Amino acid sequence: MRAMDGVLERAPAKINLMLRVGARRDDGYHQVVSLMARVDVADALTVAPAAQTVVECAALPGGDTLVTRALQAFVETVGPGHAPAGFHAVVVKRIPAGAGLGGGSSDAAAALRAANRLCGEPLDSPALAALAATIGSDVPFFLGPPSAVALGRGERVIAGPALPPVGVVLAFPGRPLATRDVYEAYRPVVEDVAPAVETIPGAIGTLVELADIVANDLAPIAEQLEPACRALRLELVARGAAAACVTGSGSAVFGLFPDAAAATAAATGLPGATWAQAATLSAS
């Protein structure tokens, strides 16, 4: 292990442009096919070597448990001589928790990247992705390209199509939805969603083409459990969104707009949102 000062990592949010959810598997997880994209709204993490792993996050009393698990798993995987006894991480949250924006998973991925850098990159990309998959289904996505197709329970990630630099509004109604509650209420229309991967175009060049594929099998359940999700979706459409939808299991909603200026105008004074952010799809 080489001695280094702490490193800073960004942990961007994600949206599920398409999410198809099939039957529950024998391991208790549902089969999914999802086109995911990162957006340029991000948490920030500072990570440094320490005598033991401690994670500070003012927005989450008790610290970020997923980051703690990630750093502890990294130390156990790399072993003495290649990693310190622990890490000290400080997480500054900009992404609301329980929103379906992947904030916790992105934080965990950023922590893994930081720890790997601090230790001279003892884990190559496949090994780091394999470790990430043990932390959470969405974590591997945040180690790969900014647009990706997630398969299996979400942990298998392949590169997705290049996406146009459209504007995005992220809107959170202030009340999180528990992923477990949404999935427990969900009843799949199609048992096997694997063929859905064939419906994802190899290239998406315009806002119209991108809007055409927006879909989320969990959205009706999320809107039923949290009616504010539906109200936000309809309001974004009324403000000019080419498409609007719940992301992940909610409760955040996103809308797609021609550019950042249009997204900024739509996010301003958005009724029903306790947090609304204009962004663009991330290129990295």
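The values are calculated or read from the model by the stated rules, or taken from the named source; none is laboratory data. The shown structure was predicted, so the numbers you read here are calculated from the model rather than taken from an experiment. So basically every Cβ, Gly included, is an ideal-geometry build from the backbone, and we count neighbours across all protein chains shown. Keep in mind that these areas ignore ligands, DNA and RNA; they rest on the heavy atoms of the full protein, side chains included. Shrake-Rupley method; radii C 1.70, N 1.55, O 1.52, S 1.80 Å.
Counting just the residues of region 95-115 that are open to solvent by 10 Å² or more (accessible area, probe 1.4 Å) and modelled with pLDDT of 95 or more, which one comes out farthest from the chain's Cα centre (by Cα)? Show your work before the answer.
Applying the first criterion (open to solvent by 10 Å² or more (accessible area, probe 1.4 Å)) to region 95-115 yields 96-98, 100, 102, 104-105, 113.
Next, from what is left, pick out any that are modelled with pLDDT of 95 or more: 96, 100, 102, 104-105, 113.
Working: PRO96: 11, GLY100: 7, GLY102: 3, GLY104: 8, SER105: 6, ARG113: 16 Å.
The qualifying residue farthest from the chain's Cα centre (by Cα) is ARG113.
Give just the number: which of (1) open to solvent by 10 Å² or more (accessible area, probe 1.4 Å); (2) part of a helix (DSSP H, G or I); (3) of a type outside the set (D, E, K, R) does THR46 not satisfy?
Of the numbered conditions (1) open to solvent by 10 Å² or more (accessible area, probe 1.4 Å); (2) part of a helix (DSSP H, G or I); (3) of a type outside the set (D, E, K, R), the odd one out for THR46 is (2).
Return the residue satisfying two criteria in turn: it lies in region 73-94 and is assigned to a loop (DSSP other than H, G, I, E, B) and over 21 Å from GLU121 (Cα atoms), and of such residues it is most open to solvent (accessible area, probe 1.4 Å). Give the steps one after another, and end with the answer.
Just the residues of region 73-94 that are assigned to a loop (DSSP other than H, G, I, E, B), to begin with: 79, 81-82, 84-85, 93-94.
Among the residues that remain, those that are also over 21 Å from GLU121 (Cα atoms) are: 93-94.
On the way: LYS93: 47, ARG94: 117 Å².
In this case the residue turns out to be ARG94.
For region 231-251, what are the residues that are open to solvent by 70 Å² or more (accessible area, probe 1.4 Å) and touching a residue at least 24 places away in the same chain (Cβ under 8 Å)? I'd like the intermediate steps shown before the answer.
Within region 231-251, the subset open to solvent by 70 Å² or more (accessible area, probe 1.4 Å) is 234, 237-239.
ARG239, the sole residue that qualifies.
Of all residues in region 20-31, which are open to solvent by less than 10 Å² (accessible area, probe 1.4 Å) and of a type in the set (A, V, I, L, M)? Outline the logic, then answer.
Just the residues of region 20-31 that are open to solvent by less than 10 Å² (accessible area, probe 1.4 Å), to begin with: 21-22.
The one that is open to solvent by less than 10 Å² (accessible area, probe 1.4 Å) and of a type in the set (A, V, I, L, M): VAL21.
Can you confirm whether region 215-223 contains a residue that is modelled with pLDDT of 95 or more, polar (S, T, N, Q), under 22 Å from the mean Cα position of the chain (by Cα) and buried (at least 20 other Cβ atoms within 10 Å of the Cβ)?
Yes, the conditions are met somewhere in region 215-223.
Which of the residues spanning region 238-266 are of a type in the set (Ser, Thr, Tyr) and within 20 Å of the chain's Cα centre (by Cα)? Steps first, please.
The first filter runs over region 238-266 and keeps only residues of a type in the set (Ser, Thr, Tyr), leaving 247, 249, 251, 264.
Result: THR247, SER249, SER251.
Exactly one of (1) touching a Cys at 6+ places or on another chain (Cβ under 8 Å); (2) free of Cβ contacts under 8 Å to residues at least 40 places away in the same chain is unmet by PHE254. Its number?
(2)
Among ALA261, ALA273, which is modelled with pLDDT of 95 or more, of a type outside the set (S, T, N, Q), within 17 Å of GLY167 (Cβ to Cβ) and surrounded by 21 or more Cβ atoms within 10 Å (Cβ to Cβ)?
Numbers: ALA261 fails: surrounded by 21 or more Cβ atoms within 10 Å (Cβ to Cβ).
Residue meeting the stated conditions: ALA273.
What are the pairs with Cβ atoms under 7 angstrom where one residue, in region 57-72, is under 12 Å from ALA97 (Cβ atoms) and outside any loop (DSSP other than H, G, I, E, B) and the other, located anywhere, is of a type outside the set (S, T, N, Q) and modelled with pLDDT of 90 or more? Sequence gap at least six, or different chains.
Once the first residue is under 12 Å from ALA97 (Cβ atoms) and outside any loop (DSSP other than H, G, I, E, B) and sits in region 57-72, its partners that are of a type outside the set (S, T, N, Q) and modelled with pLDDT of 90 or more give CYS57/VAL91; CYS57/LYS93; LEU66/GLY104; LEU66/ASP107; LEU66/ALA108; LEU66/ILE135; LEU66/GLY136.
Among the residues of region 227-284, how many are in contact with a helix residue (DSSP H, G or I) (Cβ under 8 Å, 6 or more places away or on another chain), among the charged types (D, E, K, R) and not in a loop (DSSP other than H, G, I, E, B)?
2
Might you check whether a residue that is in contact with a Ser or Thr (Cβ under 6 Å, 6 or more places away or on another chain), of a type outside the set (Asp, Glu) and over 30 Å from ARG117 (Cβ atoms) occurs anywhere in region 235-247?
First, pick out the residues of region 235-247 that are in contact with a Ser or Thr (Cβ under 6 Å, 6 or more places away or on another chain): none.
There is no residue in region 235-247 that is in contact with a Ser or Thr (Cβ under 6 Å, 6 or more places away or on another chain), of a type outside the set (Asp, Glu) and over 30 Å from ARG117 (Cβ atoms).
Within region 116-135, which residues are surrounded by fewer than 22 Cβ atoms within 10 Å (Cβ to Cβ), among the small types (Gly, Ala, Ser) and closer than 14 Å to VAL157 by Cβ?
Scanning region 116-135 gives SER125, ALA129, ALA130, ALA133.
Would you check if VAL157 is over 30 Å from ALA261 (Cα atoms) and touching a Pro at 6+ places or on another chain (Cβ under 6 Å)?
On the way: over 30 Å from ALA261 (Cα atoms): yes; touching a Pro at 6+ places or on another chain (Cβ under 6 Å): yes.
Taking the combined requirement at face value, the residue satisfies it.
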